[in-house]
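Take a look at the structure set out below.
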C-alpha cells in the first residue's frame, strides 16, 4: 500500500510539473508594433491559444526578433512584408477581415 501511495504521489508531481511547463509564459500577452498606417496591437496570447504550433508564425521555430538575426542583411525580408504575408494569409483562411483598419489603429 505504501508503494502504491508513493507511486501515486510521484505521478501527481509529474503531472503537475507538466501542467506548469505547458502553461509557461511564451512571450508577452500583447505586442505593440508601431507602423505608418497606425499601431498594430497584436494579441499574442490570444493567438497562442488558437494556434498550437509556434512555427506557424515564427518560422524555423526561432524566437521573435529582427529578421537579420538569422538572415543575411541583403536577404532579410522586411518585417512588414513578412507580417503581411503571414497575418493576411491566415486572416483570409480563417475568415477574418484583411482591411488595414482591422489591425492598424491611428
Label 7 Å along Cα→Cβ of residue 106; the stretch 27-48 residues with amide nitrogen under 13 Å? 36-39
Enumerate the residues in the stretch 76-106 having an amide nitrogen under 18 Å from the point lying 7 Å beyond the Cα of residue 67 toward its Cβ. 76-90
Alpha carbons only, please: Rg and Dmax for the stretch 28-105, in angstrom. 12.9, 35
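Take the Cβ-Cβ distance between residue 86 and residue 29 as r, set R0 to 22 Å, and report the resulting FRET efficiency rounded to the nearest 0.05. Can you show the working numbers first?
Values: r = 20 Å, r/R0 = 0.90.
Efficiency for this residue pair is about 0.65.
Rule-based calculations on the coordinates, nothing more; no lab input. As the structure is a prediction and not an experimental result, all values here were calculated from the model. Note that we place each Cβ from the backbone using ideal geometry, even for glycine, and neighbour counts take in every protein chain shown.
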